[in-house]
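Student: Before I ask anything, let me first share the structure, which is written out below as structure tokens.
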Amino acid sequence: MKEKVCVVTGGNAGIGKAIASELARMQAHVVIVSRNREKGELALADIRQEAPMGQVELVVGDLGTAAGTRQLANTLLAQLPHIHVLVNNAGVWLTQRQLNVDGLEMTFMVNHLAPFILTNMLLARLQASAPARIVNVNAGLYVNGRFNLQQTPYGHDFHRLRTYANSKLGNIFYTQELARRIEGSGVTVNAVHPGVIRTDLGVMSGVLGWLLRLVKRSWPGPEVGAQAPVWLATAPELEAVNGKYFDLKQETPYAPVAQNPELAQQVWALSEQLAG
């Protein structure tokens, strides 16, 4: 991975930070994306200490709006002549409906539309740097998703548990359709469930939140969650693998809810419209 340029969104904390650290240890040129500069700088210092042989830098970017995501993509394009790996890791699990300035529900925006915009804007650079890989950090909970083209983007069907699954199902549809479009281009895209990992996602208040925090104490840490995404980003035997879903390091067939090419194309067309 020496001299390979790897962009990791949400690289300031949790699984994203652990992914960035591992790639830096492999002597890749790692660019972490963080919405918050202060948290990003702290993560940058940690990663540099953990991987002193790696080249790591920070780019501040907001994936919470379409304009912010486009600005981030333009910043990355201006700073990086080559991009060999894009890890779309940043994600949120909101337990209350929140709309951004575009009128879009924030879970949908960050988990689905932001990686859609970022990937498409960086795609030509990835193709020019081929062989290149896109890794979408997903979640096994996508199997519980029900993507409604009229309701999901705006949170009209918001549910504090199901909305996260809906956004991850949208991400799966985007992964499949993108894979179809870039087949044979030298760029691959795959989705991965990193495991049930102890992170800050899904923080809730009340008794349910207290119980969840208690249960999370026994879950593996982010370093374990980074293993499968890093493997997908670097393993030589996966160079030609495209459009697949991995549960950890096990290739797994898409669940029936995701086996709908027509809906995947409709989600893509809607995402293009919403991207601005």
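Please treat every number below as a calculation from the coordinates, not as lab data. No experiment lies behind these values; they were computed from the predicted model shown. Reconstructed Cβ throughout: ideal geometry from the backbone, glycine too, with neighbour counts over all protein chains shown.
Student: Under a Cβ-only charge scheme (Lys and Arg +1, Asp and Glu -1), can you give me the dipole magnitude of the range 5-275 about the Cα centre, in debye to the nearest 20?
Tutor: 480
Student: Using the 10 angstrom Cβ neighbour count as an exposure proxy, how do SER167, SER34, SER129 rank, fewest first?
Tutor: So the residues, fewest neighbours to most, are SER129, SER34, SER167.
Student: Taking only Cα atoms and a 10 Å spring cutoff, compute GNM fluctuations for the chain and point out the largest among ILE134, ILE32, ILE182.
Tutor: Among ILE134, ILE32, ILE182, the largest GNM mean-square fluctuation belongs to ILE182.
Student: Pick from VAL143, VAL31, VAL192 the residue whose mean-square fluctuation is largest in a GNM of the chain, springs joining Cα atoms under 10 Å.
Tutor: In this elastic network of the chain, the residue with the biggest mean-square fluctuation among VAL143, VAL31, VAL192 is VAL143.
Student: With Kirkwood radius over Cα pairs in Å as the read-out, I listed (1) 22.3; (2) 19.6; (3) 18.5; which label goes with the value calculated from this structure?
Tutor: It is the one labelled (3).
Student: Using DSSP to define loop residues, name the trypsin sites (Lys or Arg not before Pro) in the range 85-143 whose beta-carbon has at most 16 other beta-carbon atoms within 10 Å.
Tutor: Loop-located and lightly packed - ARG97.
Student: Could you tell me what percent of the DSSP beta bridges with both partners in the range 5-275 are antiparallel, to the nearest 5?
Tutor: Of the beta bridges lying entirely in the range 5-275, close to 10 percent run antiparallel.
Student: List the residues whose amide H sits under 5 Å from the amide H of GLY243, counting only those 5 or more places along or on another chain, with H placed 1.01 Å from N in the peptide plane.
Tutor: VAL189, ASN190
Student: Just LEU94, LEU123, LEU149 to compare: in a GNM of the chain, with alpha carbon springs under 10 Å, which one fluctuates most?
Tutor: Residue with maximal mean-square fluctuation among LEU94, LEU123, LEU149: LEU149.
Student: Treat each spin label as a single point 7 Å out from the Cα along the C-beta direction, and report the GLU57 to GLU239 distance in nm.
Tutor: Modelled inter-label distance: 2.7 nm.
Student: Between LEU248 and GLU3, take the C-beta separation as r, use R0 = 35 Å, and let me know the FRET efficiency to the nearest 0.05.
Tutor: 0.80
Student: Could you tell me whether the range 1-96 comes out rounded, prolate or oblate from its Cα gyration tensor? Rule is a ≥ b ≥ c as square roots of the eigenvalues, rounded for a/c under 1.5, then prolate if a/b exceeds b/c, otherwise oblate.
Tutor: Here the range 1-96 falls in the oblate category.
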